[in-house]
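The structure appears right after this line, and notes come after that.
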Amino acid sequence: MKLGRAALAVLLLAPCVVRAVEPISLGLALAGVLTGYISYPRLYCLFAECCGQKRSLSREALQKDLDDKLFGQHLAKKVVLNAVSGFLSNPKPKKPLTLSLHGWTGTGKNFVSKIIAENIYEGGLNSDYVHLFVATLHFPHASNITLYKDQLQLWIRGNVSACARSIFIFDEMDKMHAGLIDAIKPFLDYYDVVDEVSYQKAIFIFLSNAGAERITDVALDFWRSGRRREDIKLKDMEQALSVSVFNNRNSGFWHSSLIDRNLIDYFVPFLPLEYKHLKMCVRVEMQARGYAIDEDIVTRVADEMTFFPKEERVFSDKGCKTVFTKLDYYLED
């Protein structure tokens, strides 16, 4: 939740309208103020990113980003590519696109949300129309859940009023207080408008570690039976994943009406990463830093990581999460 260039433009053009207010209240203030500048779009857009300036999604560009930057996640790549490109090509969707990304830390969930944002808005996660909520940061106290629900509804309504193609990312859903996320159910349902606002072009992305055990069980079964991980199909785990998350008392989706009413379009599993995938992460990071790929360093960094199950050591327990910091050590040699 950020002030951004849109807020700066409002402050420059109408200093008497917006005063020091809490971020969630600011969303409503901006939504109202921005509509008053329809007569001055050119002036306004000199100062701010405009909703109408969003880039047209290129399916090819999105696929290239996923292929070049995301490793070991054939299911996630296919689902995200088809879901996002299909949704954005539909001029009249019946409901917002709602994706729930599940898997262990370091498997690419945050990275995929970043890729989606960058392919829709030039500013990516820094765009005024992309909004990130972190459960432990923005909703820390269980005693304030009623207040959080009200604020969350106001914030989403205000921002969608300002830009129909707003993107909302909810991180750490496994740490969110149960029942809180149900406050946004009306916005995800099959309604043309809710309180005079249409949410049908918005995108909601949930990130969670919940269900990772179920995903690992399936991946491990395939490995032990000698089958390729690339042969795992979405149908092999999507239904079981949704049930697992729904019944997980430690998940923000515990007995959630979003699942009960089938309002989440896709439960996207992120598979645990193997040794070869860690090497891919190291190579890409070395290139990004301007270094020539040194396979000796690549191997040494990958060998530093720890794996599970204890006996078989198949999957990295931290994914690619700490690969980048370990690379710092070897690049300084």
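The values are calculated or read from the model by the stated rules, or taken from the named source; none is laboratory data. A quick note: this is a predicted structure, and the numbers were derived from the prediction, not measured. Glycine gets a Cβ as well: all are built from the backbone with ideal geometry, and neighbour counts include every protein chain shown. Please note that ligands, DNA and RNA were not included when accessible areas were found on the heavy atoms of the full protein model with its side chains. Shrake-Rupley method; radii C 1.70, N 1.55, O 1.52, S 1.80 Å.
Take region 59-270, drop everything but the C-alpha atoms, weight them equally and run the Debye formula without solvent; then report log10 I(q)/I(0) at 0.12, 0.13, 0.19 Å⁻¹ to two decimals.
Result of the Debye calculation: -0.61, -0.72, -1.54.
List the chymotrypsin sites (Phe, Trp or Tyr not before Pro) within region 244-333 that DSSP assigns to loop and that have no more than 14 neighbouring Cβ atoms inside 10 Å. Walk me through the numbers before you get to the answer.
Numbers: sites: Phe246, Phe253, Trp254, Tyr266, Phe267, Phe270, Tyr275, Tyr291, Phe307, Phe315, Phe324, Tyr329, Tyr330; in loops: Phe253, Trp254, Phe270, Tyr291.
Listed in order of number, the matching sites are Tyr291.
What FRET efficiency comes out for the pair Arg313/Asp231, r = Cβ-Cβ distance, R0 = 25 Å, nearest 0.05? Numbers along the way, then the final one.
On the way: r = 22 Å, r/R0 = 0.87.
That gives a FRET efficiency of 0.70.
Give a quick list of GluC sites (Glu not before Pro) in region 255-333 that DSSP marks as loop, anything other than H, G, I, E or B, with at most 13 other Cβ atoms within 10 Å.
Glu311, Glu312, Glu332
Just how much of Lys149 is accessible, in Å², when a 1.4 Å probe is used and the result is rounded to the nearest 10?
Counting only protein heavy atoms, the figure is 70 Å².
Suppose every K and R has +1 on its Cβ and every D and E has -1 on its Cβ; what is the size of the dipole of region 228-333 about the Cα centre, in Debye to the nearest 20?
With Lys and Arg at +1 and Asp and Glu at -1, about 400 debye.
Let me know the shape class of region 116-177, please: from the alpha-carbon gyration tensor, a ≥ b ≥ c as square roots of the eigenvalues, rounded when a/c is under 1.5, otherwise prolate if a/b is greater than b/c, or oblate.
Numbers: a/c = 3.31, a/b = 1.61, b/c = 2.05.
It comes out oblate by the Cα gyration axes.
As an exercise, use a Förster radius of 25 Å and the Cβ-Cβ distance of Gln63 and Asp221 to find the FRET efficiency, rounded to the nearest 0.05.
In this case the efficiency is close to 0.30.
Region 79-138: which trypsin sites (Lys or Arg not before Pro) are DSSP loop and have at most 15 other beta-carbon atoms within 10 angstrom? Walk me through the intermediate numbers first.
On the way: sites: Lys94, Lys109, Lys114; in loops: Lys94.
Sparse-neighbourhood loop trypsin sites (Lys or Arg not before Pro): Lys94.
If I model a spin label as a point 7 Å beyond the Cα along the Cα-Cβ vector, how far apart are those points for Val134 and Ala288 in nm?
Computed distance between label sites Val134 and Ala288 equals 1.7 nm.
For an R0 of 22 angstrom, estimate the FRET efficiency from the Cβ-Cβ distance between Asp195 and Ile145 and round to the nearest 0.05. Intermediate values should be presented prior to the final figure.
Values: r = 22 Å, r/R0 = 0.98.
With a Förster radius of 22 Å, E is 0.55.
Step through the residues of region 104-118 one at a time and calculate ³J(HN,Hα) from phi using the Karplus curve (6.51 cos²θ - 1.76 cosθ + 1.60, θ = phi - 60°), rounding each to whole Hz and writing x for Gly and Pro.
The phi angles translate into 5, 4, x, 8, x, 4, 4, 5, 5, 4, 5, 4, 4, 4, 5 Hz.
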